[in-house]
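These notes concern the structure reproduced below.
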Amino acid sequence: MSLQNETRRLTAPDIRARKSGEPIVCLTSYHAHTARLVDTYCDVILVGDSLGMVMHGLETTVPVTLEMMILQGHAVMRGSKHALVVVDMPFGSYEASKEQAFASAARVMKETGCGAIKIEGGRRMAETIAFLAERGVPVMGHVGLTPQAINTIGSFRAQGRDESDWAPIEADARAVADAGAFAVVLEAIAEPLGRRISSQIAIPTIGIGASAACDGQILVLEDMLGLSPRVPKFVKRFGDLGPSIEQAIKRYAEEVRSRAFPGPDHVYPMRKAGVSKPAARGKT
């Protein structure tokens, strides 16, 4: 009897236990092939509703559907083995009631096999987060700039840059933590506020345009690789793949038009006379 050495996937409790410990590394992914790359280095992979903008060219995340999230969540699960996979709940799939939120979250988890879901909103979503957590759904919260509320916010602007605006954001983060979320994303908030919230609440904070004092950081993969034409201030480009991809496509087009590609190495010649195919190996 052989023993299989399987990689254990991280869970929401594993991430929760990292509060004030080693920083939590998170990135988004929407495909099996990028998930394989990200999985080697990250603790959390977020299947973000940002896929609406990154993959589909939408102006906001609002039109993203539950079916879109499930399809890409399933792909990311197939491509990863180690990281906790968190799937965003899209706009309209959880706000109507806590029962609606549970039905949507249960469907996402059953159909994708992911380990947690993420929902936007602070105090207004606290009852829903508690309802989900009590029923076995690990929830990552999301406060500060909440992109699904863009039509009421008006623009993707940073939050809490005036100290007079801090109290509601702090209250949102506390409400999410107290409701039972295992972690919370702090998006696009003033650095001192991100630092303050991270020191106040008992669950890990995942910063995206917040503070280096957060318990972890997340970026959209395409943004940090240089594939997105426009990125927020908080994005650091760790790669510049856009121009190199364009150059590769340009060279391909030139070689096809000049008939330089495919060359002799990329086509199949006739089999030489008298050379037979190797016999198939039998099973023993």
Computed FRET efficiency, Cβ-Cβ of residue 247 and residue 40, R0 22 Å: what is it to the nearest 0.05? 0.25
Given the Cα-Cα distance of residue 254 and residue 134 and 0.36 nm per residue of separation, how much length would full extension add, in nm? 37.3 nm
Cα axis of helix 66-79 to longest principal axis of the chain: angle in degrees, 0 to 90, nearest 10? 60
So how many Å³ per residue does the convex hull of the Cα atoms of segment 74-162 work out to? 121
Separation of the residue 127 and residue 110 label points, Cα + 7 Å toward Cβ, nm: 2.5
If one compares the long axis through the Cα atoms of helix 191-200 with the longest principal axis of the Cα atoms of the chain, the angle in degrees, nearest 10, works out at 70
Helix 98-112 sits off the longest principal axis of the Cα atoms of the chain, rounded to the nearest 10 on a 0 to 90 degree scale, by 20
Output row, site residue 95, 7 Å Cα→C-beta label point, backbone N cut-off 13 Å, window segment 118-136, residues 120-122, 124-125
Once neighbouring chains are kept in place and the probe is 1.4 Å, which whole percent of the accessible area of segment 101-251 is contributed by carbon and sulfur? 53
Take the Cα atoms of segment 184-263, find their three principal axes, and give me the spread along each one in whole Å, biggest first. 64, 20, 13
Determine, for each peptide in 25-35, 232-242, the mean count of other beta carbons within 10 angstrom over its residues, then list the peptides with the highest first. 25-35, 232-242
Among 69, 96, 158, the residue whose Cα sits farthest towards the positive end of the charge dipole of the chain (+1 at Cβ of Lys and Arg, -1 at Cβ of Asp and Glu, taken about the Cα centre) is 69
Principal axis lengths of segment 119-216 from Cα atoms, whole Å, largest first? 37, 30, 21
Helix-only [θ]222 nm of the chain, DSSP H runs n ≥ 4, -39500 (n - 2.57) each, per residue, nearest 500: -10500 deg cm²/dmol
Taking only protein heavy atoms and a 1.4 Å probe, what accessible area per residue, in Å², does segment 153-196 have with all protein chains in place? 48
Hey, what's segment 210-259 come to in accessible area per residue, 1.4 Å probe, Å²? 71
Whole-Å semi-axes of the chain's equivalent ellipsoid (Cα gyration tensor): 41, 25, 18
What share of Cα pairs, in percent, lie more than 28 angstrom apart in segment 128-284? 48
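The values are calculated or read from the model by the stated rules, or taken from the named source; none is laboratory data. Note that the structure is a prediction, hence the values are computed from the model and not measured. No Cβ is skipped: glycine too gets one built from the backbone with ideal geometry, and neighbour counts run over all protein chains shown. Each accessible area value is taken on the protein alone, full model and side chains, heavy atoms only, with ligands, DNA and RNA left out. Shrake-Rupley method; radii C 1.70, N 1.55, O 1.52, S 1.80 Å.
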